[in-house]
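In what follows, a structure is listed as structure tokens, so that the remarks can point back to it.
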Amino acid sequence: MFRPIEAYTLDQLMARGGARPLPVPAEFARCAGSLRGVPLVMTNSAYETERLRKVRVTYLDGGDAAQIMTTMAFPHTTYDLPIFAADMLSFRGAPHLIVIDHQVLFKADADYDRRYIAPLRPVYERYAHLPTRERTLPAWTEKFFSRYTHYSRPTVAYVPEVLAVYRDYWDIYLDHVAAAEPPPPERAPHVHAQQAAYCADHIANEQAEGMLQKLFGEAFYEAFVHRFLFDVHPAGIYS
């Protein structure tokens, strides 16, 4: 269901960002397992650009039973760009959960909000009618999620709009990347600290922990989440 979006993500990144592939450890690049008798294959790829330290795309393919795609873009710490984040889940041939956002590093900074978050408002409002099934984001997300986070639990009838909202958020993000200017050098340590805090929050609250441990084992999960998914730590980049 989300393969067209995976292709769009990488095509636009290559065309607009001059992306270069990053090496992915062999044990993470392609992994096969099964869950409740359903065979699943997980693939992971990563890229860098002049302004983005790491763009990672994870795709878990279980045929009609499950399709899961996650995208994250971490800027170099010499730029104070938001973190692009998207989780798109489909089960039994229908979308289940869609979360797309430009995640905020400096939430109390009005100028930061004006530059990076306010431009999302028209897109957010355009797709605000997608159903949520009366569910909301958990409380732990409040620290970094923007006020224009797209959150929906749509039915299959909304698939074209689900794909469109992702494309729009990704396009705006790449616009920000193209226009980004380095902030004062003294801000870089604060950017790194915020990215490290962001990664720590997500490691502590990773929603896929149980599924990934069942598929690939606890040791795999611990290495995967710290070395690939959320690899910015207070002492530096995990390697």
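Since every read-out is calculated from the coordinates, none of them should be taken as a lab result. Keep in mind that this is a model prediction, so the values were computed, not measured. Counting neighbours? That spans all protein chains shown, and the Cβs are built from the backbone with ideal geometry, glycine included.
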Under 5 Å from the placed amide H of Thr132, counting only residues 5+ away or on other chains, we find Arg153
Treat the count of other C-beta atoms within 10 Å as a stand-in for reagent exposure and order His129, His102 from fewest to most. His129, His102
Likely footprinting exposure, Val191, Val24, Val156, Val162, fewest C-beta neighbours within 10 Å first: Val156, Val24, Val191, Val162
In the chain, taking the dipole from +1 charges on Lys and Arg beta carbons and -1 charges on Asp and Glu beta carbons about the Cα centre, the listed residue (Leu10, Ala196, Leu60) farthest towards the positive end is Leu60
Sites Asp175 and Arg36, calculated FRET efficiency, Cβ-Cβ separation with R0 45 Å, nearest 0.05: 0.60
So what are the radius of gyration and Dmax for the Cα set of the range 58-187, in Å? 15.5, 49
Furthest towards positive pole of dipole, Leu22, Ile100, Val159, structure part the chain, Cβ charges: Val159
Within the range 1-77, list the chymotrypsin sites (Phe, Trp or Tyr not before Pro) lying in a DSSP loop whose Cβ has at most 11 other Cβ atoms in a 10 Å radius. none
Net length gained if the chain between His96 and Ala15 were fully extended (0.36 nm per residue, minus Cα distance): 26.1 nm
Neighbour net charge for Thr43 - beta-carbon separation under 15 angstrom, K R +1, D E -1: 0
When Arg133, Arg147 are arranged by how many other beta-carbons sit within 10 Å of their Cβ, fewest first, they go Arg133, Arg147
Using only DSSP helix segments of four residues or longer, with each worth -39500 (n - 2.57), what per-residue ellipticity at 222 nm results for the chain after dividing by its residue count and rounding to 500? -10000 deg cm²/dmol
Rounded to whole Å, give me the distance from the Cα center of the range 125-148 to that of the range 1-50. 25
